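Asker: Encoded as structure tokens, here's the structure I'll be asking about.
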Amino acid sequence: MAKGAAARAAARKQKDKWKAKRWYKIRAPRNPWSFKEIGETLAEEENMLIGRKYEMMQNELDGDFSKMHIKIKFQVNNVIGSDALTEFVGHAVMKDYERRQIRRERGKIDDTVDLVTEDGYFIRLKPFIVTRSRAKSSQKQQSRMVVRNEIIKFCSSTTWLSVQKALLDGTLEKLITAAATKVQPVRSAFFKKSELIQSGVVMEEGPTLEEIKAQELESAAPEDSQLTDNEEEETMDEVSSEPEIEDVEEKEDTDDSTDDNSDTEISDNDGDDNKETIEEESSLADLKGKLKADLVKIADNLNLDSKGTKPELINRIYNSLSVTDLKNLLKEVGKPVSGKKSELIDRLME
């Protein structure tokens, strides 16, 4: 009995590990997904999340249902508060999709290419090519060499961010298809797997996590404010509905008595109003002329075409600026700084 009681007492004193854990939001990389929330995970401490991997289908991330067979892999590399930040570490094509491409009277060509990108990322790509008809071993070897050269030439001259965009949007697939078709007609070509072996330079483009959180709060705030405004309007209408009717009747009586006097006053002030409108129009015309002259000077200083309307000149000047300059202008105005260059220019011209 004593042993049983001691065991039960020890079990009661044992710490519940689930109570010590808390939830963390898993966010996609900064570029090109802008810290999009992709899932949640549990952990006792922040350092336990580092290195944890998370997988999801590409159609769930980008909304493209033609990519339902592609699995994207992320890995947690940093934790800020309750947010677990990840990096893209590769992708993989589902095995059933790969098997469906292979049929009789077709040739299969696969390869493994290890390379280093321009910004120092060591990656491994596995292209997979299916020909329209059977291919000889010499044709397969030549196709591997041509495709390998195209992949190395493209990836070694671009950054890891550009490579992953080309992998996910199909640009790199079109490149190897065009290269392999010169040797043997190709039915389909894709990368069955990509893998990040060693990280390199960290990219600093795109919005920060603080800006993304501010945008999420701003998008959630208008809904709450609209609900409270509508409730206040309903209560005010219920309380002040009857007194307003009486006030309107009193105003109608007083308006009838003041109509005669207002007619004489309007006739006296017609001349003054016409003078003021003429002066305002002339001042506006002067301002527009000065603005057009200033825009022409700026365009000449930037070696741009100074012909055209004011919106065309403004658009031309904004296009000549860099993305950082446009973001600085948006910060001064108090507008969001996320998006492509064309979106930044449209936001400035609103």
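Asker: Within the stretch 68-85, is even one residue in contact (Cβ under 8 Å) with a residue 12 or more places away in the chain, of a type outside the set (V, I, T) and loosely packed, with under 13 Cβ neighbours inside 10 Å?
Answerer: Within the stretch 68-85 (the criterion being in contact (Cβ under 8 Å) with a residue 12 or more places away in the chain, of a type outside the set (V, I, T) and loosely packed, with under 13 Cβ neighbours inside 10 Å), the answer is yes, since at least one residue qualifies.
Asker: To continue, here is another question. Among the residues of the stretch 92-135, how many are over 18 Å from A179 (Cα atoms) and crowded, with 20+ Cβ neighbours inside 10 Å?
Answerer: The total comes to 3.
Asker: Looking only at the stretch 159-171, decide whether some residue is within 28 Å of the chain's Cα centre (by Cα), over 27 Å from M57 (Cα atoms) and touching a residue at least 12 places away in the same chain (Cβ under 8 Å).
Answerer: No: zero hits.
Asker: So, in the stretch 29-48, of the ones that are under 25 Å from L168 (Cβ atoms) and free of Cβ contacts under 8 Å to residues at least 60 places away in the same chain, which residue ends up surrounded by the most Cβ atoms within 10 Å (Cβ to Cβ)?
Answerer: Top of the filtered list is P29.
Asker: Ok, one more. Being touching a helix residue (DSSP H, G or I) at 6+ places or on another chain (Cβ under 7 Å) and outside any strand (DSSP E or B): is that true of N31 here?
Answerer: Yes, satisfied.
Asker: Right, another one. Can you spot a residue in the stretch 171-182 that is of a type in the set (D, E), on the phi < 0 side of the Ramachandran plot and out of contact with any helix residue (DSSP H, G or I) (no Cβ under 9 Å at 6 or more places or on another chain)?
Answerer: Checked the stretch 171-182: no residue is of a type in the set (D, E), on the phi < 0 side of the Ramachandran plot and out of contact with any helix residue (DSSP H, G or I) (no Cβ under 9 Å at 6 or more places or on another chain).
Asker: Restricting the search to the stretch 64-114, which residues are in a loop (DSSP other than H, G, I, E, B) and within 20 Å of the chain's Cα centre (by Cα)?
Answerer: D64
Asker: I would also like to ask the following. Just one of (1) over 30 Å from E37 (Cβ atoms); (2) assigned to a loop (DSSP other than H, G, I, E, B) trips up M145, so point out which.
Answerer: All conditions pass for M145, except number (2).
Asker: Is at least one residue of the stretch 148-162 hydrophobic (A, V, I, L, M, F, W, C), surrounded by 18 or more Cβ atoms within 10 Å (Cβ to Cβ) and outside any helix (DSSP H, G or I)?
Answerer: So far as the stretch 148-162 goes, no, none of its residues is hydrophobic (A, V, I, L, M, F, W, C), surrounded by 18 or more Cβ atoms within 10 Å (Cβ to Cβ) and outside any helix (DSSP H, G or I).
Asker: Sort out which residues of the stretch 45-84 are of a type in the set (F, W, Y) and out of contact with any strand residue (DSSP E or B) (no Cβ under 6 Å at 6 or more places or on another chain), and write them in order of number.
Answerer: The one that is of a type in the set (F, W, Y) and out of contact with any strand residue (DSSP E or B) (no Cβ under 6 Å at 6 or more places or on another chain): F65.
Every number here is computed from the coordinates shown, using simple stated rules; none is lab data. Keep in mind that this is a model prediction, so the values were computed, not measured. Using ideal geometry, Cβ is built from the backbone for each residue, glycine included, and neighbour counts are taken over all protein chains shown.
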